[in-house]
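Contents: one structure, followed by commentary.
The numbers here are math on the coordinates, done by the rules we state, and not lab data. Computed from a predicted model, the values in this text were never measured in an experiment. Note: ideal-geometry Cβ built from the backbone for every residue, glycine included; neighbour counts use all protein chains shown.
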Amino acid sequence: MTRRFEGKVAIVTGAASGIGLATALRLGSEGARVVVADLNLARAQQAAQQVLQAGAPAALGLACDVSHEEQVAACVDRTIADLGAWHVVVNNAGRMIFKPLEQHSAEDMIDVLKVDLLGAFFFIKQAFVRMRPGGAIVNVSSIHAEQTTPLVTAYAAAKAGLLSLTRSAAIEGKAKGLRINAVLPGAVETPMLRENPNIKSGLETLDAADVGQPEDIAAAIAYLACDDAVFVQGAMLRVDGGRLDQL
């Protein structure tokens, strides 16, 4: 495999499983030194071992609650201190709840927004101050930002906000030599998908052809994060197997 991230240091959030782990493995296999950031330290460290086994020259598992700015700053501090630099961040950590809109409390909305939107904002803010020109930021949004289903109001709103944040950051980041883009995954074969109450109840139906693998999303993220995409700025890349193309 081409090692497009040789000499690069990448932080991937929510990287102990699913899309985040697949992304950490992909970047590591292409030469990146990877920080696996996750809520659970033990799971982050286990995932870091997998990244090393995939061929990464270095991997570090760190506990990080992205909804707390001080933990984000500490994650960046540790990354630079231990690995010497910081070139890429993949804002993948996310939270999803399922409730009718009228049952959402203010706390429900705030809790989801803090992880899915503010978490990305905190890392982008750190990147704007501490990442050198040539750095790349990839935000993991969702097709729910464009078309959605019942019971996921907070998640859909947060992921739509993440697209707006991507646009604003891309405009301001360009002058700093930083690229900011987003991917919008569709249905992906992860435990979160199969535990989705909408899927279990049949409220949301899926054709097997419309379900991708975490590695499919990781490949798109790796492209946006690497120098092959040097002229890609503020892009919103839908990676859903064409699911939203059907009316």
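Can you run phi through the Karplus equation (6.51, -1.76, 1.60; θ = phi - 60°) for region 174-184 and list ³J(HN,Hα) in whole Hz, with x for Gly and Pro?
4, 5, 8, x, 10, 9, 10, 9, 9, 10, 10
Just to be sure I understand: with springs between alpha-carbon atoms less than 10 Å apart, which residue in Val51, Val129, Val115 has the highest mean-square fluctuation in the Gaussian network model of the chain?
Maximum fluctuation in the GNM of the chain, among the listed residues, is at Val129.
What residues qualify as long-range amide H neighbours of Ile180, i.e. H under 5 Å apart, gap of 5 or more or another chain, H built at 1.01 Å from N?
Those qualifying (amide H under 5 Å, at least 5 residues apart or on another chain) are Ile137, Gly234.
What's the Cα-based Rg to Rh of the chain, Rh via Kirkwood?
0.95
Quick one: 3J(HN,Hα) in Hz for region 158-169, Karplus 6.51/-1.76/1.60 with θ = phi - 60°, rounded, Gly and Pro as x.
Whole-Hz 3J(HN,Hα) from phi for region 158-169: 5, 6, 5, x, 5, 5, 5, 4, 4, 4, 4, 5.
Using the Cα centre of the chain as the reference point, and only Cβ charges (+1 on K/R, -1 on D/E), how large is the resulting charge dipole? Debye, rounded to the nearest 20.
700 debye
Out of Ser164, Ser142, Ser29, any idea which swings most in a Gaussian network model of the chain, alpha carbons joined below 10 Å?
Ser164
Please build a GNM for the chain, connecting alpha carbons under 10 Å apart, and tell me which residue among Pro100, Pro197, Pro214 fluctuates the most.
Most flexible of the set in this elastic network: Pro100.
Give the separation of the Cα centroids, region 76-100 to region 140-154, in Å.
21 Å
What are the residues whose amide H is under 5 Å from the amide H of Ala59, where those residues sit 5 or more places off or on another chain and H is modelled from the backbone?
Hits under the 5 Å cutoff: Val34.
Could you state the angle between the C-alpha long axis of helix 214-225 and the longest principal axis of the C-alpha atoms of the chain, as a value from 0 to 90 degrees rounded to the nearest 10?
50 degrees
Pairing the Cα long axis of helix 119-130 with the longest principal axis of the chain, what angle in degrees results, from 0 to 90 and rounded to the nearest 10?
With both axes taken from Cα atoms, the answer is about 20 degrees.
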